[in-house]
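Since every read-out is calculated from the coordinates, none of them should be taken as a lab result. Just so it is clear, the model here is predicted, and its values are computed rather than measured. Glycine also receives a Cβ, built like all others from the backbone with ideal geometry; neighbour counts cover every protein chain displayed.
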Amino acid sequence: MRVKDLPEISKLSVPEKILLVEDLWDSISADETSIPMPESHKAELDARLKRYEAVPGTLLSLDDLRARIEKRK
């Protein structure tokens, strides 16, 4: 299905279209099992978790990250 197949969508304003997309995404993401995760993504997440568990002190807290960003401004 394409936007051109639903002429009502073409009549919506940009903010209305954004809200529609948000609603669509929410309805898709409500059931996480319906969106398969590629094995490569799982492997990357596992590798990152393993690195974190090996050396947990090397990561920044959110507050530290924000402070670093503010220093660069």
Query raised in the report: Relative to the longest principal Cα axis of the chain, at what angle does helix 62-72 sit, 0 to 90 degrees, rounded to 10?
Result: 90 degrees
Query raised in the report: By a straight-distance test (C-alpha under 21 Å), which lysines pair with residue 4 as possible cross-link partners, with residues fewer than eight away in the same chain excluded?
Result: 17
Report task. With 5 Å bins from zero, work out the P(r) of the chain over every alpha carbon pair and list the percent per bin. Result -> 3, 11, 9, 11, 11, 13, 16, 11, 8, 5, 2
Query raised in the report: GNM, the chain, Cα, under 10 Å: largest mean-square fluctuation among 49, 24, 62?
Result: 62
Query raised in the report: What angle, in degrees between 0 and 90 and rounded to the nearest 10, separates the Cα long axis of helix 39-54 from the longest principal axis of the Cα atoms of the chain?
Result: 30 degrees
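I need the calculated FRET efficiency for the pair residue 11 and residue 53, taking r as the beta carbon distance and R₀ as 30 Å, to the nearest 0.05.
Values: r = 52 Å, r/R0 = 1.75.
The value I calculate is 0.05.
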Query raised in the report: For residue 44, what is the net charge nearby, where nearby means another residue's Cβ is under 14 Å from its Cβ and Lys, Arg count +1, Asp, Glu -1?
Result: +2
Query - lysines whose Cα lies under 22 Å from that of residue 42, excluding same-chain neighbours fewer than 8 positions away - result: 50
Requested in this report: Can you tell me the 0 to 90 degree angle between the C-alpha axis of helix 14-29 and the longest principal axis of the chain, rounded to 10?
Outcome: 60 degrees
